[in-house]
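Everything below concerns the one structure shown next.
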Amino acid sequence: MFTKLLRRNDTYLFLVILAFGSSVTMINPAFLTIENMFDLIKSSSGMAILAIAFFVGLLSGGIDISFPAIAIAGQYIAVNILIALGVDNLLLAFFISCAVGISLGAINAFFISTFRIQALIVTLGSANIFHGALLVFVGTRAVNTGQLPNCFKVFGHLQVLTLSRGDGTTYGLSVFVVVLIGVVILTWFILQRTLLGKSIYAIGGNYESSKRAGFNINRTLFFVYSYIGFLSGIMGIMHLSLIRYSNPNYIVDTELLKVIAAVVIGGSKITGGSGTLTGTLLGVVMMVILEKNLVLIGLSSYWHEFFTGLIIVLGVGITHYQDKLKRKNSLSFAI
C-alpha cells in the first residue's frame, strides 16, 4: 500500500503543500489558524467547483475554457431576473443560473459531438460569443450591494459552524463548504460508481477504442459539457454571494488560468483519460496557498502570474514524463 501511495502524484503534491504551508507558518503563525483556514475555504470554494468542472471535461479528452463566461452569464442573468421580478429567492437564483449553464454547455456539446471539433477550439469561440451576447442583450451595468436581493447577502454570511474570539466577536465556517462537499460527492459518485463515469474515462483515454466498446459517445459528451455548465452556474451564484456585487466582466479574465493550473498540478493528463478528484482538490489548495501568501514570503503579488504559468508548464511536463515512464515499463515487461 505504501509503495502504491508513492506512485501517486497526489502524495507528492500533498507533501509539497505541507512543506510550503509549514514555511509560511514559520514566517507568519497566523496562517495556520482555524479562522484563516475558514476564510480560505470560503474564498476558494467557488474556484474548487470550477476546477472540478474543468477536471471532468479534461477527463473526457476535452479542454473547455468557456466555463468562466458561463459562470458570469448564469450569475448576471439570474440576479437581473430576480431584480426585474421583485423576487428574493435564492433557490430560484440557483435554478436560473444552473439552467443557463446547462443550456450553454449543451451548445458546446452539440458542436463538439456533432462536428467532431476539438473542445478547445469550440469553447474558445463560444466563450467570446456567450460573454459578448451577455453584454449586448442583457446589459453592462454592474449590480451593487444596495440593489442585490437580500437572499444573496444572507447566503454569503450563512455559517454552519460559529466560533468566538477572545474579544467576544465571532467567526465561522461558511455554508459554501456544504455546497462544495455536495459537488465533490456527486462528481465522485458519477465518475466512480456509474457506467457514465466509465465512459468519460474511456473516451478521454482512447476515443476510437471507446467507440468500438459500444459507449454512447454523443450522450456522454452532452452530459460532460452540460455538467460543466451546471457547476459553472452554481459557482456564479456563490461568487455573487461572496463579493455581494455582480459585474458582467468579472470571473471571465480572473479564474481561467488558476483553475487550469490547479487541475494540471493535481496530476490530470492534459490529453485526458487520467486524473483524480483528490489531486484536483489538492491542486486548488496549492494555488490558494500560493496566491494568498506570496506577500508573506517577501514577494510581490505580481509574481502570482509567473508562478501560475510555471505550475501549468511543470504540471504538464511531469504528467507527460510519468506517462512516458509507464509506457516504457509496460513495453519492457511485455518484452
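The values are calculated or read from the model by the stated rules, or taken from the named source; none is laboratory data. The structure displayed is predicted, hence computed values, not measured ones. Please note: Cβ atoms are built from the backbone with ideal geometry, for glycine as well, and neighbour counts cover all protein chains shown. To get the accessible areas, we keep the full protein, side chains included, count just its heavy atoms, and leave off ligands, DNA and RNA. Shrake-Rupley method; radii C 1.70, N 1.55, O 1.52, S 1.80 Å.
Couple of notes before you dig in:
To keep it simple, each residue is scored yes or no on (1) assigned to a loop (DSSP other than H, G, I, E, B); (2) in contact with a Phe, Trp or Tyr (Cβ under 7 Å, 6 or more places away or on another chain); (3) at pLDDT 95 or above.
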{"site": "GLU35", "(1), (2), (3)": "no, yes, no"}
{"site": "PHE38", "(1), (2), (3)": "no, yes, no"}
{"site": "LYS42", "(1), (2), (3)": "no, yes, no"}
{"site": "ALA48", "(1), (2), (3)": "no, no, yes"}
{"site": "ILE52", "(1), (2), (3)": "no, no, yes"}
{"site": "ALA73", "(1), (2), (3)": "no, yes, yes"}
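- Count of residues meeting criterion [over 14 Å from the mean Cα position of the chain (by Cα), in a helix (DSSP H, G or I) and buried (at least 24 other Cβ atoms within 10 Å of the Cβ)] in the stretch 238-247: 2
- Filter result (more than 21 Å from GLU291 (Cα to Cα), touching a helix residue (DSSP H, G or I) at 6+ places or on another chain (Cβ under 6 Å) and open to solvent by 40 Å² or more (accessible area, probe 1.4 Å)) within the stretch 252-274: LYS269, ILE270
- In the stretch 167-184, the residues that are assigned to a helix (DSSP H, G or I) and either under 20 Å from LEU58 (Cβ atoms) or among the aromatic types (Phe, Trp, Tyr) (or both): PHE176, LEU180, VAL183, VAL184
Quick grid of which residues meet (1) farther than 30 Å from THR11 by Cα; (2) open to solvent by 50 Å² or more (accessible area, probe 1.4 Å); (3) not in a helix (DSSP H, G or I):
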position: ILE203; (1), (2), (3): no, no, no
position: PHE223; (1), (2), (3): yes, yes, no
position: GLY233; (1), (2), (3): yes, no, no
position: ASN249; (1), (2), (3): yes, yes, yes
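- Of the criteria (1) assigned to a helix (DSSP H, G or I); (2) surrounded by 16 or more Cβ atoms within 10 Å (Cβ to Cβ); (3) more than 16 Å from the chain's Cα centre (by Cα); (4) among the small types (Gly, Ala, Ser), which one GLY101 fails: (3)
- When the stretch 73-96 is filtered for residues that are open to solvent by 20 Å² or more (accessible area, probe 1.4 Å) and of a type in the set (S, T, N, Q), the ones remaining, listed by number, are ASN80, ASN89.
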